[in-house]
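> First, the structure itself, so that you have it in front of you.
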Amino acid sequence: MSAIYSADDLIAGGEIFSRVSPPARLGVFGDPVEHSKSPAFHNAALKAAGIDASYVMIHVPAEKAADAFRALPGAGFIGTNVTIPHKAAALAAVDEADDFAQRAGSVNTVVVQGGRLLGFNTDGPGLVRAIREEFSVDLRDLRIVLLGAGGGAGRAIAVQCAMESCERLVLVNRTVDKARRLASELAPFFRSDRLVGPVERVQAIGFDEAALREQLAHADLVINATSVGMRRTDAPLIPPALLTPNLMVYDTVYASGRTRLLEDASAAGARCANGLGMLLHQGALSFEIWFNRPAPLDVMRRALMEAA
Ligand code: ATR
């Protein structure tokens with residue numbers, strides 16, 4: 001397992017990162033961070049690409065996040081990834097963020113350029129690649145039901161679906177008001193002359209069985225963006241009887257084994273995949289942002305499978 005550093009190691013100037021070999025020049029900020037699988041596949045990628053740098057975990061408590069981001073240039077870092085709970089703080093900390101990160105309200109990839117911090121969010125584009133790889137389809141052609149649209153991860157996925165102008169998007173959230181607000185915000189992306197019948201192309205519903213049944217009958221892809229299902233004892237997110245063989249089901253949770261949702265989907269004969277593909281592709285896209293060259297995807301995939 002890779003060593004875990006602290007926010008203070010960065011804030012103190014980062015000298016400690018030069019003492020390891022290869023020097024630590026990339027990392028992931030999180031709290032907790034020790035379960036991250038990113039060091040495994042990023043270090044494999046750096047080695048395969050012949051880059052003299054290593055990737056480490058950095059435990060960053062919320063109150064030190066802003067200072068830790070500002071310390072990156074002084075510590076000689078190329079950039080960093082950002083995980084729970086700092087993705088929104090990362091957007092606030094960077095000097096500039098790309099269009100998708102701004103709309104998603106979160107940054108998962110920071111690159112240091114000339115002393116400035118540039119922010120990106122590769123989770124959305126990573127999902128597009130993962131869906132294409134797992135199901136041989138493009139997000140933009142699909143009618144999508146997104147579970148947990150009110151969370152940070154859900155928002156990034158909803159924005160990606162909207163920017164791709166997918167055929168239809170149903171935002172499902174326990175607190176339905178959050179989904180409604182997001183649906184209104186994203187509505188402009190769905191206004192077009194495309195003829196899809198009388199239904200609205202973006203809608204918001206709660207976890208209501210009748211509403212879910214109605215929406216799933218007209219859906220191609222279900223995405224879970226909640227963390228429900230990480231524990232095998234979690235109650236089903238949606239009634240198993242609503243899952244049908246024509247559906248594709250993607251769970252962003254990548255806990256080892258299958259989540260309850262994927263178990264139920266698989267038993268119903270639906271095609272399904274867990275979040276490992278999205279994790280891999282968001283990482284590959286981060287590598288491409290840091291180094292402006294293609295990521296060694298197969299090396300990263302192999303390292304991730306070994307770590308998973
Ligand atoms: P993050 O921002 O990291 O995605 P979050 O803010 O905790 O995490 O959001 C998690 C998402 O999972 C939310 O959409 C949340 O629904 P609410 O907005 O109603 O809180 C959803 N969620 C969490 N537990 C849930 C449960 N038991 N059933 C349904 N949805 C749940």
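> Shape of the chain from its Cα gyration tensor (a ≥ b ≥ c, root eigenvalues): rounded if a/c is under 1.5, otherwise prolate when a/b > b/c, or oblate? Could the numbers behind the result be given before it?
Working: a/c = 2.05, a/b = 1.72, b/c = 1.19.
Taking the square roots of the gyration eigenvalues as a ≥ b ≥ c, the chain is prolate.
> Within a Cβ distance under 15 Å of residue 238, other residues only, what is the Lys/Arg minus Asp/Glu net charge?
Details: positive: 174, 213, 260; negative: 208, 209, 214, 234, 251, 263, 264.
For residues surrounding residue 238, the net value is -4.
> Hey, can you rank 229-240, 4-15 by average C-beta count inside 10 Å, highest first?
On the way: 229-240: 14.3, 4-15: 17.4.
Ranked from most to least packed, the peptides come out as 4-15, 229-240.
> What relative contact order, as a whole-number percentage, does the chain give when Cα pairs under 8 Å and 6 or more residues apart are counted?
Numbers: 621 pairs, mean separation 48.6, N = 308.
In percent, rounded to a whole number, it is 16.
> Follow-up question, since we're still on this one. With the Cα gyration tensor of the stretch 77-162 giving a ≥ b ≥ c as the square roots of its eigenvalues, does the rule (a/c under 1.5 for rounded; else a/b larger than b/c for prolate; else oblate) give rounded, prolate or oblate? Write down the numbers at each step before the final one.
Numbers: a/c = 2.50, a/b = 1.83, b/c = 1.37.
Prolate.
> Return a whole-number percent for the relative contact order of the stretch 84-184, with Cα pairs under 8 Å and 6 or more residues apart as the contact set.
Numbers: 158 pairs, mean separation 21.5, N = 101.
Over the stretch 84-184, the number comes to 21 percent.
> For residue 67 and residue 49, compute 0.36 nm times the residue count separating them, minus their Cα-Cα distance, and round to one decimal in nm. Show your work: numbers first, answer last.
Working: separation 18, 0.36 × 18 = 6.48 nm, distance 3.08 nm.
Separation in residues times 0.36 nm, less the Cα-Cα distance, equals 3.4 nm.
> In terms of Cα to Cα distance under 26 Å, which lysines are near enough to residue 87, apart from those fewer than 8 places away along the same chain?
Partners within reach: 37, 64, 178.
> On to the next question. Give the order of 300, 305 when sorted by the count of other beta carbons within 10 angstrom, beginning with the fewest.
Values: 300 24, 305 12.
The most exposed by this proxy come first: 305, 300.
> How far is it, in nm, from the label point at residue 138 to the one at residue 307 when both lie 7 Å from their Cα along the line to the Cβ?
It is 3.1 nm.
> What Kirkwood radius, in Å to one decimal, follows from the Cα pairs of the stretch 1-52? Could you put the intermediate results ahead of the total?
Details: mean 1/r = 0.0837 Å⁻¹.
Taking every pair of different Cα atoms in the stretch 1-52, averaging 1/r and inverting gives 11.9 Å.
> Quick check on the stretch 128-225: what are the equivalent-ellipsoid semi-axes from the Cα gyration tensor, as sqrt(5λ), descending, whole Å? The partial results should precede the final answer.
On the way: eigenvalues 64, 48, 39 Å².
Whole-Å semi-axes of the equivalent ellipsoid: 18, 15, 14.
> By the gyration tensor of its Cα atoms, with a ≥ b ≥ c the square roots of the eigenvalues, what is the shape of the stretch 253-308: rounded for a/c under 1.5, prolate for a/b over b/c, or oblate? Walk me through the intermediate numbers first.
Numbers: a/c = 3.26, a/b = 2.52, b/c = 1.29.
The shape class here is prolate.
Quick note: the coordinates plus some simple rules give every number you see, no bench work behind them. Computed from a predicted model, the values in this text were never measured in an experiment. Quick reminder, even Gly has a Cβ in these numbers, built from the backbone with ideal geometry, and neighbours come from all protein chains shown.
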